[in-house]
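The values are calculated or read from the model by the stated rules, or taken from the named source; none is laboratory data. Fair warning: this is a prediction, and the values are worked out from it, not measured in the lab. As a convention, Cβ positions derive from the backbone with ideal geometry for all residues, glycine included, and neighbour counts pool all protein chains shown.
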Amino acid sequence: MRCLTLLICAALWLALPARAGAPVVAVDVGHTLDAPGATSARGRSEFEFNRDLARAVAAALRSRGIEARLVNEDGRIARLHDRPHAVPAADFFLSIHHDSVSAHELTPWIWQGRALDFNDEFAGHSLFVSQANPQPAASLTCARAIGARLQRLGFVPTAKNARRRAYADPALAVHWYDNLVVLYRTALPAVLFEAGVIKHRDEELQLRDAARQRRMADGIATGVAACLQVMAGASGH
């Protein structure tokens, strides 16, 4: 895979030491208890998937000397524009989600007596940034760093979202989503990460697996750490 910049590539390959004054990352759990998002092929809410992975990402960031603070862990922050302001001291905002597909692309099935639906055509992760964010270049750098590391670890992105969202970087499955509230209603660089398609029956099982969650979280945290190092260098810190 091509390198993005020499700084990012070096950071992705090297162990990153904690710097003085550890950076702070806000890790947002997408959706809420009352509005839990999509329902998986086997009936689990997206919010539950989001919380599991967000906790793993926070742990992986902390292991790198980065202060990670979970946002909406209890599922009770209903207003989206409150999310980016929940951690005023943050240097970066990362919102964790899991993907679905349109209703007309779903196939009905019965799972353990429940009438549910699935789509086994689409699988894989993707990332979103906003040109309306006050720091679009930094947001895109972070998304690219995350995407590059995940692919290096063997995670495969999806092209599904290119049908609706233009690519910011097609090789790394980074899309523009300019009017997404959690991406532009903030002063911070911000990325929304879709971990995979929970309507896909095989991928759903993978996304439930704790070991795989930790491996994906490790890749995300490495990308974030690389991005923070680049931003710190650019700011002269």
Can you pull out every residue in the range 21-49 that is in contact (Cβ under 8 Å) with a residue 60 or more places away in the chain and not small (Gly, Ala, Ser)? 23, 24, 25, 27, 28, 29, 31, 39, 42, 44, 46, 49
Search result, residues across the range 61-87 that are touching a residue at least 60 places away in the same chain (Cβ under 8 Å) and touching a Lys or Arg at 6+ places or on another chain (Cβ under 7 Å): 81, 84, 87
Condition met for residue 12 (crowded, with 18+ Cβ neighbours inside 10 Å, modelled with pLDDT under 95 and touching a Gly at 6+ places or on another chain (Cβ under 8 Å)): yes
In the set 181, 191, 156, which member is surrounded by fewer than 20 Cβ atoms within 10 Å (Cβ to Cβ), within 16 Å of the chain's Cα centre (by Cα) and under 22 Å from residue 90 (Cα atoms)? 181
Out of the residues in the range 114-134 that are under 12 Å from residue 178 (Cα atoms) and of a type outside the set (Phe, Trp, Tyr), state the one that is nearest to the chain's Cα centre (by Cα). 129
For the condition surrounded by fewer than 17 Cβ atoms within 10 Å (Cβ to Cβ), under 25 Å from residue 226 (Cβ atoms) and in contact with a Ser or Thr (Cβ under 9 Å, 6 or more places away or on another chain), what is the one hit in 134, 84? 134
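A quick yes/no check of all residues on (1) touching a strand residue (DSSP E or B) at 6+ places or on another chain (Cβ under 7 Å); (2) not in a helix (DSSP H, G or I):
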site	(1), (2)
58	yes, no
64	no, yes
74	no, yes
88	no, yes
94	yes, yes
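Of 131, 206, 151, which residue is of a type outside the set (Lys, Arg), free of Cβ contacts under 8 Å to residues at least 24 places away in the same chain and either within 21 Å of residue 23 (Cβ to Cβ) or outside any strand (DSSP E or B) (or both)?
Working: 131 fails: free of Cβ contacts under 8 Å to residues at least 24 places away in the same chain; 151 fails: free of Cβ contacts under 8 Å to residues at least 24 places away in the same chain.
It is 206.
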Within the range 211-233, identify whether any single residue is without any contact (Cβ under 8 Å) to a residue 12 or more places away in the chain and either assigned to a helix (DSSP H, G or I) or more than 17 Å from residue 156 (Cβ to Cβ) (or both), and answer yes or no. yes
Name the pairs whose Cβ atoms lie under 9 Å apart, with the first residue in the range 166-180 and in contact (Cβ under 8 Å) with a residue 12 or more places away in the chain and farther than 14 Å from residue 145 by Cα, the second in a loop (DSSP other than H, G, I, E, B) and of a type in the set (Ser, Thr, Tyr), and 6 or more positions between them or separate chains? 176/130; 177/130; 178/130; 179/130; 180/130
